[in-house]
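Nothing in this text is a laboratory measurement; each read-out follows from the coordinates by a stated rule. Everything numeric here is computed off the predicted structure, so don't read it as measured data. Using ideal geometry, Cβ is built from the backbone for each residue, glycine included, and neighbour counts are taken over all protein chains shown.
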Amino acid sequence: MIKPKMILFDYGDTLLSEPVKDYRRGYRELLKYATANPNNCGVDELEQAVERFFNAPTIISRELYFDVGAQRCYRSMFEFLQMEFSLTPDEIEQTFWTAAVTGALMPGVDRLLDYLDEHGVRYGVVSNTCWSSATLTERITRFLPRARFEFIMASSEYLYRKPDKMIFEIALKKARLEPEDVWFCGDRLDWDVKGAADAGVFPVWYDSDAAVRSEENAVAREQGAPVECLHIRDWSELIEKLEAL
């Protein structure tokens, strides 16, 4: 094991958690900015439209490890409903997400990023998300204002999503680094750990009690991860490993 030149991070349950989700609150907030709503669509109508224009196509695409992105879905949905807003596509995403889903830092992640800055280790984000990179960047930097992410990649803008190795390979090209120079930290064994390993990137399995664990993760905690990785329970353990190197 060699010290990485760069560490890439997942977003959800790795950098931030999302402890409260209230999508109806998000729709209510979005409706405040409607400048055209000839069919008088309310929260119920938006919920029904989201099921048709967003949930159904994304379920199919994600099974194939592709992402279609919220902005495309929203454009189809709002034009179908004949609705217009006094917001840009990025602002529509940010307004909804901020109102609907609260965020909270994963314990110790700010101290870890400060450590990486102090020791010259580059870092970035590769996230499976329907949101645009601008929207994802706005949320991450709001909670981590001191952090100096080199780039923040949202799968919605790259077609491919983890664990497809293409999104990792694109990240390596952006970083101008070889796979052996990079570590990838994430909470999901299926998307993050296996995906990084398949791309030749060294995986760090962040198995925090503060994260929402899948059934696969729970089994692996007892039996061990299916691929070679660094298994940590707290970000302080990663700092200790880097110090040892």
Over the chain: helical MRE at 222 nm, DSSP H runs n ≥ 4 each giving -39500 (n - 2.57), nearest 500: -12000 deg cm²/dmol
Linear extension gain, Phe80 paired with Thr102, 0.36 nm per residue minus alpha-carbon span: 5.0 nm
Cα convex hull volume per residue for the chain (Å³): 119
Met166/Arg221 FRET efficiency (R0 51 Å; Cβ-Cβ; nearest 0.05): 0.95
Pairwise Cα inverse-distance average, inverted: Kirkwood Rh of region 25-131 (Å): 16.1
Region 28-73 - convex hull of alpha carbons, volume per residue in Å³: 81
Degrees, to the nearest 10: 70-80 long Cα axis against longest axis of the chain: 10
Label point 7 Å beyond Cα of Ala34 along Cβ direction - residues of region 85-115 with amide nitrogen under 15 Å: 85-87, 96
Among the listed pairs Lys5/Lys165; Lys165/Lys241; Lys21/Lys165; Lys173/Lys241, those beyond 22 Å (Cα-Cα): Lys165/Lys241; Lys21/Lys165; Lys173/Lys241
Extended-chain gain in nm, criterion 0.36 nm per residue less alpha-carbon gap, Thr88 and Ala244: 51.4 nm
Helix 89-100 vs. the chain, principal-axis angle (Cα, 0 to 90°, nearest 10): 80
Distance (nanometres) between label positions extended 7 Å along Cα→Cβ at Arg52 and Phe143: 3.4
Angle in degrees between helix 109-118 and the longest Cα principal axis of the chain, rounded to the nearest 10: 60
Label-point separation in nm, Asp114 to Met1, each point 7 Å along Cα→Cβ: 2.4
